[in-house]
1. Residues with amide H under 5 Å of Glu193's amide H, sequence separation 5 or more or different chain, H placed in the peptide plane at 1.01 Å from N; which?
2. Check which residues have an amide H placed less than 5 Å from Gln338's amide H, if you skip close sequence neighbours.
3. What nm value, rounded to one decimal, do you get for the distance between Ser40 and Asn280 when each label is placed 7 Å out toward the C-beta?
4. At 0.36 nm per residue, minus the direct Cα-Cα distance, what do Gln255 and Gln48 gain on full extension? Give it in nm, one decimal, please.
5. Dipole magnitude of region 202-286 about its Cα centre, charges +1 at Lys/Arg Cβ and -1 at Asp/Glu Cβ only, in debye to the nearest 20?
6. Spin-label point model (7 Å from Cα, Cβ direction): what's the Ala156 to Glu60 distance in nm?
7. Less than 13 Å Cβ to Cβ from Asp321, Lys/Arg counted +1 and Asp/Glu -1: what total charge do the surrounding residues give?
8. Please list, by residue number, everything in region 246-280 whose backbone N is under 19 Å from a paramagnetic label point 7 Å out along Cα→Cβ of Asn314.
Amino acid sequence: QLSKHSPDCDMARAVAVLSTVLCGAELVPQLRGSLGELESCVSKPNFQRAQSSWCGQQQEPVACFKELDELNPIWDCHLQSAQCSLGAKPCAWPKVELQVPERKVSESAAGQPTRFVTWNLYVFTLAGRIHPVVDELMRMQPEIAAIPEMWHEKHAILDRLNQVSGNVYAFATGGQTEQFNDADILFRADKWEHVASDLVPFSAGRAVNWAALRRKSDGYTLLAAGTHPLCCQGDYVVMEAVDFVIRTLAGIQQQHPYPIVLMGDLNTGYFQPSQQLLRNGHMDAFGRRWQIPMTFTDAWAELHPGNPDPSTINNDPVRLDYVYFQKTPLSVGQSIVQSQIWPRAAGSDHRAVSGDVVLNR
């Protein structure tokens with residue numbers, strides 16, 4: 001063990017100082033002192049919004065706030081240490097439970113990001129994990145979500161969710177959602193109106209859920225879709241599922257001409273042919289050429305091009321869960337301001353993935 005006055009430690013300090021000087025604003029150094037020296041988040045810009053929309057009733061001691069003139073105002077939440085993303089500064093999240101302010105629909109909602117989430121709940125033992133699952137959903141604060149691996153527990157989850165949120169959530173009700181392995185569509189009913197929804201089955205008891213939702217503040221309408229292809233059979237099975245799902249959604253889009261947000265546990269990695277098909281619209285794989293009539297942007301990979309395939313299940317070195325925003329021929333909007341892969345929580349083997357986008361007509 002080194003003495004803090006040893007030559008090696010002196011050299012380490014010199015390197016750290018030099019790195020800070022050379023890297024300038026791109027380096028966010030560790031904060032000196034204890035977490036108790038941080039100023040409270042309560043006095044920081046947009047705290048009320050952070051509490052109601054971004055961080056929820058987080059239990060972790062630190063959040064990172066943004067100044068009002070930041071292009072992306074969304075805080076970094078659920079942090080154990082004072083390390084912030086570029087443009088953010090640490091503050092101490094209040095330890096006492098605060099009353100979540102009522103979330104009102106803003107007249108300027110069209111300029112605000114909307115959060116989409118997918119989270120596989122891991123159906124085994126789910127009935128005994130309703131409360132922690134709801135706590136985690138409240139932490140993430142989705143406006144629209146796709147929830148794979150949830151069967152009859154859906155009703156208990158919704159009851160508890162509305163008990164703690166103030167009765168603002170609903171599930172899209174179309175189709176026999178509890179008879180297929182699918183991804184139910186959850187949405188903020190105080191912000192979004194249910195227009196239509198259904199479920200379309202495909203192979204091995206799997207299905208794609210879809211819901212046409214209209215934003216109450218300005219009439220913006222989209223198609224939210226969720227699916228969960230068969231696990232552990234290789235990417236060819238997923239490729240067939242993706243081809244079916246997209247052609248199905250293209251048909252639905254003829255009747256409901258709105259852009260699509262596709263979410264779910266797709267049971268394959270980012271670099272696999274099926275996911276390249278979604279991003280590019282065409283792919284040569286498995287001895288043939290595949291082509292679909294639309295393309296999508298992967299929310300996480302768009303903002304993290306150097307790390308597009310992080311683990312979202314256990315500690316396996318692969319990503320299975322995705323939030324895709326339609327790019328062509330209709331576009332959800334390419335102003336993706338944030339995407340997160342959340343820590344594992346509430347007994348699920350999956351990490352949730354979120355994407356925040358400014359929806360444009």
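1. Close amide H contacts, sequence-distant or interchain: Arg214, Arg215, Lys216.
2. Answer set, sorted by chain and number: Asp356.
3. It works out to 5.5 nm between the two label points.
4. Length gained between Gln255 and Gln48: 70.5 nm.
5. That gives a dipole near 400 debye.
6. Distance between label points: 2.9 nm.
7. Residues close to Asp321 contribute a combined charge of -3.
8. 265-270, by backbone N distance to the label point.
Read-outs: derived from the displayed coordinates by stated rules, not from any lab. Note that the structure is a prediction, hence the values are computed from the model and not measured. Methodologically, a virtual Cβ is constructed for each residue, glycine included, from the backbone with ideal geometry; neighbour enumeration extends over all protein chains shown.
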